Amino acid sequence: MKKYNISTKVIHVGNEPDLINGSIIPAIYQTSTYVQNEPGKHKGYEYTRSHNPTRTRLENCLASTENAKHCIVTSSGMSSISLILETLTNGSKLLCGNDVYGGTYRLFNSVYNNKVKIKHVDTSNLKEFTKCYKKYKPDIVWLESLSNPTLQISDIKSISKLTKKDKKILVVDNTFMSPCFFTPISLGADIVVHSLTKYINGHSDIVGGAIMLNNKKIYDKLWYLQNSIGPTQSPFDSWLVLRGIKTLSIRMEQHQKNALEIAEFLERHSKILKVIYPGLNSHPQFELAKKQFCGFSGMIGVYINGGMKEIKLFLKSLKLFALAESLGGVESLIEHPAIMTHASIPIDDRQKIGITDNFVRLSVGIEYLPDLLNDLNEALSKI
Ligand SMILES: *Cc1c(COP(=O)(O)O)cnc(C)c1O
């Protein structure tokens, strides 16, 4: 299926009609166990923690979207990230971007900190990264294709050249870009991780995670760990993702179309100090963004001209943008990273990377654009 475009793959790969009855939509195999002909003789499925036919379909679909050979679907983005850390031996060194999802930061620095040595660096600054990489000599490098929440971009091709030369592992959390706009494995990344909760499912009705990779040895280890520890996704949730992902391409197109217009509108607005969006000329890595990605996604960072009082009034005045954590659903969301998604990062570290009290993050949905612009305009006029 490699020859097909992603818009075709998300509809067909893993969604092959049922061979027995022709059902065009895959069945939900809502089962925990499978009957065996004689002890140890089964049809490839023994127990749903280990494998489930609906989940297998989703794994095939997701592997194809990232041009990977293997995929493991887990119960959440965080459990996917945990499984990758579980593959590391005690005392391994991890070099991580300094702006990552708050939950990732917490997992690294307060759950795995006794097992793995963690160092943070600005991966979007290639010179600084290279210097740190050569001195620290990490076993694994972790970064986000578009960092959360300040939307910084790292030069994956150059970074993967360094890690490949030393046979070290490069992991890219591709949640913010989605495989429509970026496939990190094609630029040399070893492992891609996604929170399925966000763009891939796209309808804010499940939590899930996925790991995509080509390395069979690491895949076997990850599967062994998932089967042993148990963070598997339910058949029904896998089925919902199989359904949600079919519209990924057209959703992403609309997300980015709306987001670009909104980013330009906000950049011109007198109550706004600064807008961060990779599709804007003003983004510090705009040139890299154009070269590395095929789209700019739907996330926007905004610095509002005001204090906590004004920000709270603005958030309260919005009618369409819902105040909520998460992102990537069809509906527009807004959130306050310092208080919400990134509260687990110590305040000093937070402020250093730009997560200040006047910073909000928008996940632009696929509603009718003039409605979204009106909503923002009216709420901004209140402050
Ligand atoms: C949400 C998110 C995660 C965690 O995923 P869950 O599905 O919430 O467990 C990891 N990385 C990024 C970039 C995210 O946005």
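The values are calculated or read from the model by the stated rules, or taken from the named source; none is laboratory data. Everything numeric here is computed off the predicted structure, so don't read it as measured data. A quick note on method: Cβ atoms are made from the backbone with ideal geometry, for glycine too, and the neighbour counts reach across all protein chains shown. SASA here: full protein model, heavy atoms, side chains in, ligands and nucleic acids out. Shrake-Rupley method; radii C 1.70, N 1.55, O 1.52, S 1.80 Å.
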Inset, instruction - Hey, can you tell me all the residues within region 124-143 that are outside any helix (DSSP H, G or I), open to solvent by 10 Å² or more (accessible area, probe 1.4 Å) and either on the phi < 0 side of the Ramachandran plot or touching an Asp or Glu at 6+ places or on another chain (Cβ under 7 Å) (or both)? - result: Ser124, Asn125, Asp139
Legend entry - Thr150 buried (at least 23 other Cβ atoms within 10 Å of the Cβ), within 16 Å of the ligand (Cβ to nearest atom), in a loop (DSSP other than H, G, I, E, B) and hydroxyl-bearing (Ser, Thr, Tyr): no
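Yes/no matrix, rows are residues, columns are (1) open to solvent by 60 Å² or more (accessible area, probe 1.4 Å); (2) among the hydroxyl-bearing types (Ser, Thr, Tyr); (3) touching a residue at least 60 places away in the same chain (Cβ under 8 Å); (4) in contact with a Cys (Cβ under 9 Å, 6 or more places away or on another chain):
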position: Ile6; (1), (2), (3), (4): no, no, yes, yes
position: Val10; (1), (2), (3), (4): no, no, yes, yes
position: Val13; (1), (2), (3), (4): no, no, no, yes
position: Leu19; (1), (2), (3), (4): yes, no, no, no
position: Ile24; (1), (2), (3), (4): yes, no, no, no
position: Ala27; (1), (2), (3), (4): no, no, no, no
position: Tyr34; (1), (2), (3), (4): no, yes, no, no
Inset, instruction - Take Tyr105 and decide whether it is hydroxyl-bearing (Ser, Thr, Tyr) and open to solvent by 20 Å² or more (accessible area, probe 1.4 Å). - result: yes
Inset, instruction - State all residues of region 223-257 that are closer than 20 Å to Phe181 by Cα, buried (at least 21 other Cβ atoms within 10 Å of the Cβ) and of a type outside the set (Gly, Ala, Ser); if no residue qualifies, say none. - result: Val241, Leu242, Ile245, Leu248, Arg251, Met252, His255, Gln256
Inset, instruction - For Asp173, state whether it is in contact with a Leu (Cβ under 8 Å, 6 or more places away or on another chain), closer than 25 Å to Ile6 by Cβ and open to solvent by 20 Å² or more (accessible area, probe 1.4 Å). - result: no
Legend entry - Complete set of residues in region 325-361 that are within 14 Å of the ligand (Cβ to nearest atom), touching a helix residue (DSSP H, G or I) at 6+ places or on another chain (Cβ under 8 Å), modelled with pLDDT of 90 or more and on the phi < 0 side of the Ramachandran plot: Pro337
Legend entry - Selection count, region 260-292, where residues are touching a Ser or Thr at 6+ places or on another chain (Cβ under 8 Å), crowded, with 20+ Cβ neighbours inside 10 Å and assigned to a loop (DSSP other than H, G, I, E, B): 1
Inset, instruction - Could you identify the single residue in Ile300, Ile345 that is in contact (Cβ under 8 Å) with a residue 60 or more places away in the chain and part of a loop (DSSP other than H, G, I, E, B)? - result: Ile345
